[in-house]
């Protein structure tokens with residue numbers, strides 16, 4: 001579950017900047033805390049969907065399922081992120097996955 005949680009954190013960090021820009025333009029009433037909470041909820045939903053769509057168990061992921069999930073998320077992120085950012089996060093998560101038994 002450590003790697004799954006790292007995927008959640010990594011994906012949230014990658015998408016927080018966009019969330020800030022989008023939500024600040026949408027309403028000046030959102031605080032930074034509001035934006036972080038919304039970004040976290042949104043990214044968790046996307047990551048959970050990645051597990052579901054790859055027929056992977058969110059609560060008990062295997063090494064193979066984690067690879068499927070990060071492949072899914074890398075593809076999902078293509079329209080929103082620069083390839084360099086996607087590959088950096090992908091490599092970081094793969095390093096964690098490779099350490100699993």
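The values are calculated or read from the model by the stated rules, or taken from the named source; none is laboratory data. Remember, it's a predicted structure, so these values are computed and weren't measured experimentally. So basically every Cβ, Gly included, is an ideal-geometry build from the backbone, and we count neighbours across all protein chains shown.
Listing for the model above:
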| item | result |
| --- | --- |
| Among (1) without any contact (Cβ under 8 Å) to a residue 40 or more places away in the chain; (2) within 16 Å of the chain's Cα centre (by Cα); (3) closer than 21 Å to residue 101 by Cβ; (4) part of a helix (DSSP H, G or I) - the single one residue 64 does not satisfy | (2) |
| Selection count, the range 42-61, where residues are more than 13 Å from the chain's Cα centre (by Cα) and either outside any loop (DSSP other than H, G, I, E, B) or surrounded by fewer than 14 Cβ atoms within 10 Å (Cβ to Cβ) (or both) | 6 |
| Filter result for residue 18 (farther than 19 Å from residue 2 by Cβ and part of a helix (DSSP H, G or I)) | yes |
| The range 13-37 residues that are more than 20 Å from residue 47 (Cα to Cα), paired with ones that are part of a helix (DSSP H, G or I) and at pLDDT below 80 (beta carbon under 7 Å, 6 or more apart) | 30/23; 30/24 |
